[in-house]
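Okay, handing you the structure first.
The values are calculated or read from the model by the stated rules, or taken from the named source; none is laboratory data. Keep in mind that this is a model prediction, so the values were computed, not measured. So basically every Cβ, Gly included, is an ideal-geometry build from the backbone, and we count neighbours across all protein chains shown.
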Amino acid sequence: MTTASDTAEPRRVRFPTAFTILFGLIVLVAALTWIIPAGQYERVANPALDREVPVAGTYTETESNPQGVVEVIMAPIAGLYDPATNQGNAIDVALFVRVNWRAAFRYRQA
């Protein structure tokens with residue numbers, strides 16, 4: 001006699017969603033802020049490139065700013081909208097994509 005567990009297919013491993021991958025990257029980078037020391041180079045104006053460039057050999061460590069749980073949770077929000085300056089960063093692009101995706105979805109169903 002066979003049971004349902006004997007004939008059932010093994011569970012397939014599903015690939016994580018884009019949101020899961022992005023959140024994992026945010027957590028990884030936040031963890032690295034506790035490990036990798038912060039620093040910066042001195043910069044000078046380069047007229048050929050029309051911008052500032054770093055000077056070799058001038059790296060100095062600066063005060064570290066490790067990211068915690070609150071910063072990890074606020075990272076997606078800060079990417080769309082910066083509450084400190086009350087300016088939108090990418091919220092207009094995100095809403096444009098969302099509205100057009102929904103319109104295309106409704107059009108396909110009609």
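Could you please tell me which pairs satisfy a Cβ distance under 6 Å, a separation of 6+ or placement on different chains, a first residue in region 27-39 that is within 18 Å of Tyr59 (Cα to Cα), and a second residue that is part of a loop (DSSP other than H, G, I, E, B)?
Final answer for the pair search is Thr33/Pro66; Thr33/Gln67; Ala38/Thr62; Ala38/Ser64; Gly39/Tyr59; Gly39/Thr62.
Next question, about the same structure. Taking interchain pairs and intrachain pairs at least six residues apart, which have beta carbon atoms under 7 angstrom, with the first residue in region 76-87 and in contact (Cβ under 8 Å) with a residue 12 or more places away in the chain and the second surrounded by 13 or more Cβ atoms within 10 Å (Cβ to Cβ) and among the polar types (S, T, N, Q)?
Leu80/Asn89
So that you can scan it fast, the table gives a plain yes or no per residue for (1) assigned to a helix (DSSP H, G or I); (2) touching a Cys at 6+ places or on another chain (Cβ under 9 Å); (3) over 24 Å from Thr20 (Cα atoms); (4) β-branched (Val, Ile, Thr):
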position	(1), (2), (3), (4)
Val70	yes, no, no, yes
Ala75	yes, no, no, no
Asp92	yes, no, no, no
Leu95	yes, no, no, no
Tyr107	yes, no, yes, no
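Going by what's in this entry, would Val44 be described as over 19 Å from the mean Cα position of the chain (by Cα), more than 27 Å from Ala31 (Cα to Cα) and surrounded by 10 or more Cβ atoms within 10 Å (Cβ to Cβ)?
Yes.
To continue, here is another question. Against the definition (surrounded by fewer than 11 Cβ atoms within 10 Å (Cβ to Cβ) and either out of contact with any helix residue (DSSP H, G or I) (no Cβ under 8 Å at 6 or more places or on another chain) or part of a loop (DSSP other than H, G, I, E, B) (or both)), how does Pro66 come out, yes or no?
The answer is no for Pro66.
In region 1-22, which residues are modelled with pLDDT of 90 or more and not in a loop (DSSP other than H, G, I, E, B)?
Thr20, Ile21, Leu22
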